[in-house]
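Please read the structure below before turning to the comments.
What follows draws every value from the coordinates through simple rules; no lab data is involved. Small disclaimer: the values here were computed from a predicted structure and weren't measured. As a convention, Cβ positions derive from the backbone with ideal geometry for all residues, glycine included, and neighbour counts pool all protein chains shown.
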Amino acid sequence: MEIMEEIEKKELVKSFQSIENENANICTVILNVNNPKLGIKKQLSDIQIFGKTMKEWVANAVFDTNIKYVSYEFGEDFLPVVKNAVDTNSKYTFVLFSDTPLFQRKTFLQIMEYFKMKDLSVLKLTRGYVFETQYLLKIESLLNPQIQYFEEEDFVTCFSLKQLSLINDIMKNRILNYFMKNGVIIEDPSTTFIDADVQIGANTVIKPFNELRGNCIVEDGVLLDSNNLIYNSVICEKCRIHGATIKNSLLEKNVEVFEHSKICKNSKICESVKVPAYCLISNAVVTKDDKLKSFYEFIGD
C-alpha cells in the first residue's frame, strides 16, 4: 500500500510539473474588484493582508502565467471586461477576482489539470472561470457552463469587512502552520503575528506577543522572548531577544538584546554583543569593545 501511495505521489508531482511547463500558454485576468458597499475609501484589491495586497496574494498563485489586471465593478458583467483584456495568443484564459486572496498555487494546478483532462472549453469555479481563449473570444454570453468545486476555502470572498476579518484569520493560521511544520516553535499562535515575506529557521522559539513584519530573516536557533517587534531586519543564529524593538537592522550571531531596547536605522550589532535594557541604538555599529549600559544612547552620524 505504501509503495502504491508513493508511486501515486510521484505521478502527481510529474503531472504538476508538466502543467507548470505549459503555464506560459495561460493568460490570467485578475479583476480588481471595486465594492463600494464595503464603505471604505481604499480600493479593495489594495488592502494588505500580512504584508501583501489582496491582488498580490491572488497573483502569487499564478505567478508564471501572463497576468493582466483589469478594474471591475462589483456585480458587473465580467465577460466583456475579460475579452477586452485577454491575450489572444494564449491558449487558455484563467479568470480570477482580487477579492479571493486565499486562492493557492496547488488549487490552480489542480484546476488546470482537470480542465485539460476533461478537454473543456469553459469551466465555472466557485469564484472564477477557465476558458479556451478562442472559445472565449467567440461567445457573447455564458449559458449553464460546467461547474466544478475544488478547495472551497480558497474561494472565500471578501464582500464585507466581516469577511475580511475571516480571511485574515485563515491566512494567519496558514502562515503559522507553515512555520510550525518546518520546525519553528510558536508557543502562542493567537498572539503571534508573522508577515508573508518573513523567513524563519528551524529550532527558533517564538514566545507570546511577537510581531515579525516586512522582509525579516530569522536564522536557526533564535529565541524570541515575549513582546518583540521586529521589522525588515536580519537576526542571525542563536540570538536572544527579550522584549525589544528591532527595525531595519542586523544582529550577528549570539547577540542578546534585553527589555525595552530599540535598535533601528540600519544599525549593526556585532557577534556576541549584549545590549542591556532601555538602550537606543540608531544608525550605528556596535562591537564588543563598546561599553553599553542601560539607558544608553548610541547614535551614529
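Before moving on, here are some points about what is shown:
- Neighbour net charge for residue 208 - beta-carbon separation under 14 angstrom, K R +1, D E -1: -3
- FRET efficiency, 1/(1 + (r/R0)^6) with R0 51 Å, evaluated for residue 48 and residue 293 via beta carbons: 0.85
- Counting charges near residue 196 (Lys, Arg +1; Asp, Glu -1) among other residues having Cβ under 14 Å from its Cβ returns a value of +2.
- Cα-based helix-to-principal-axis angle, 161-181 vs the chain, degrees rounded to 10: 60 degrees
- For region 153-200, the equivalent ellipsoid derived from the Cα gyration tensor has semi-axes of 23, 11, 9 Å, listed largest first.
- A helix-only calculation puts the chain at -8000 deg cm²/dmol for mean residue ellipticity at 222 nm, using -39500 (n - 2.57) for each DSSP H run of at least four residues, averaged over all residues.
- Applied to region 126-138, the Karplus parametrisation 6.51 cos²θ - 1.76 cosθ + 1.60 on θ = phi - 60° returns per-residue 3J(HN,Hα) values of 4, 8, x, 8, 10, 10, 6, 4, 5, 5, 4, 5, 8 Hz, with x for Gly and Pro.
- Computed lengthening from residue 25 to residue 139, 0.36 nm per intervening residue step minus Cα-Cα distance: 39.0 nm
- Rounded to 5, percent antiparallel among DSSP beta bridges of the chain: 15 percent
- Cα-based Rg of region 15-163 normalised by 2.2 N^0.38 Å, two decimals: 1.00
- Within straight-line reach of residue 55, meaning a Cα separation under 22 Å, sit the following lysines at least 8 residues removed in sequence or on another chain: 37, 41, 42, 68, 83, 106, 124, 162, 172.
- Among the GluC sites (Glu not before Pro) found in region 53-162, those both in a DSSP coil and sparsely packed, with 14 or fewer other Cβ atoms within 10 Å of their Cβ, are 76, 140, 151.
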